[in-house]
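> Structure in structure tokens, see below.
The values are calculated or read from the model by the stated rules, or taken from the named source; none is laboratory data. In this text the structure is predicted, and so the values were computed from the model without any measurement. Counting neighbours? That spans all protein chains shown, and the Cβs are built from the backbone with ideal geometry, glycine included. SASA here: full protein model, heavy atoms, side chains in, ligands and nucleic acids out. Shrake-Rupley method; radii C 1.70, N 1.55, O 1.52, S 1.80 Å.
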Amino acid sequence: MLADQRQNGASAGTLDRGVHKPREFLSSLVQFIAEALPNWRDDPARDKVAGETRLTAQLCAKLNSLARHSPGWDILQFRREEPDEADGRRAIDLVASPSGEVVVVEGREYNEYQSLLPIECKRLPTPTGKDRDEREYVISQYSSTGGVSRFKEGHHGKEHNRAAMIAYIQDDDVPHWCGIVDSWIDELANDPSEEWTNDDKLSLLKHDQKGRLGFLQSLHLRKTAPDPIHIDHIWIVM
């Protein structure tokens, strides 16, 4: 296996120099983001805003600050509203990219103009309004704004086999939303006009009650790419 490494041979992220399992670097990156979330949420200097755009802007600023001052992670930068690499008409909420380095992951080189990990951010519950679908974390009947469906249908992350989603939970808790999202996918899987199955369901890996975080994963087949896309879901109760 190829090592997850910088082009110059130094270690990427916090990984030791050597041969690593596939995707280990991306797993470490997801963990870095997850560990930053409570610190960001509870920061007394942060304005307590509710809108998705402002929340994501704040989170991007925090992640950049933490990466800049964390040995090993200073090879990264985070950017908002980044044009998708396969379809520049579409913008991804948040991406992680190299910063002044070329990073090699599973034999693929990434430079500062490319994204290592595309990230979608959604509020739970979805704000009410005209042409808003309560299921927007998963899908929208009004547009292509559904979070999971964007990756499943190749509207986002077509060039990637791994992505992440962050949910800002603004009412109730992680177990509650696990049940709700599960029921939405059940409905889609039982609808013959939809191309969803029970295999598209999210699996809860860990519920950190103290940190008020949920860690979930899902895997989705795509018509637009030969490989399925793996999504890491990080849910934070605000």
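Results for (1) acidic (D, E); (2) in contact with a Lys or Arg (Cβ under 8 Å, 6 or more places away or on another chain), shown as yes or no for each residue.
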position	(1), (2)
T53	no, no
L66	no, no
E82	yes, no
R89	no, no
E106	yes, yes
N111	no, no
G146	no, yes
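> Within the range 104-125, restricting attention to residues that are more than 19 Å from the chain's Cα centre (by Cα) and not charged (D, E, K, R), which residue is surrounded by the fewest Cβ atoms within 10 Å (Cβ to Cβ)?
G107
> Return the residue satisfying two criteria in turn: it lies in the range 185-207 and is out of contact with any helix residue (DSSP H, G or I) (no Cβ under 8 Å at 6 or more places or on another chain) and over 20 Å from P125 (Cα atoms), and of such residues it is surrounded by the most Cβ atoms within 10 Å (Cβ to Cβ).
That would be E195.
> Do you know which of the residues in the range 138-184 that are β-branched (V, I, T) and open to solvent by 10 Å² or more (accessible area, probe 1.4 Å) is modelled with the lowest pLDDT?
Here the answer is T145.
> Then there's this: For a quick check of your reading: which strands (runs of 3 or more DSSP E) sit entirely within the range 52-142 and have at least 3 residues that are of a type in the set (V, I, T)?
103-105
> Further, regarding this structure: Is it true that some residue in the range 16-27 is at pLDDT below 90, surrounded by 15 or more Cβ atoms within 10 Å (Cβ to Cβ) and farther than 22 Å from M165 by Cα?
Yes, the range 16-27 contains a residue that is at pLDDT below 90, surrounded by 15 or more Cβ atoms within 10 Å (Cβ to Cβ) and farther than 22 Å from M165 by Cα.
> Regarding S149, is this residue small (G, A, S), within 17 Å of the chain's Cα centre (by Cα) and in a helix (DSSP H, G or I)?
When the stated conditions are applied, S149 passes them.
> From the list A50, A96, A34, which one is among the hydrophobic types (A, V, I, L, M, F, W, C), touching a Phe, Trp or Tyr at 6+ places or on another chain (Cβ under 9 Å), surrounded by fewer than 15 Cβ atoms within 10 Å (Cβ to Cβ) and at pLDDT 95 or above?
A50
> Would you pick out the residues in the range 221-238 that are farther than 12 Å from K158 by Cα and out of contact with any Ser or Thr (no Cβ under 6 Å at 6 or more places or on another chain)?
Once the filter is applied, which keeps residues that are farther than 12 Å from K158 by Cα and out of contact with any Ser or Thr (no Cβ under 6 Å at 6 or more places or on another chain), the range 221-238 yields D232, H233, I234, W235, I236, V237, M238.
> For the range 71-93, how many residues are open to solvent by 30 Å² or more (accessible area, probe 1.4 Å) and either hydroxyl-bearing (S, T, Y) or farther than 17 Å from K158 by Cβ (or both)?
Within the range 71-93, residues that are open to solvent by 30 Å² or more (accessible area, probe 1.4 Å) and either hydroxyl-bearing (S, T, Y) or farther than 17 Å from K158 by Cβ (or both) number 6.
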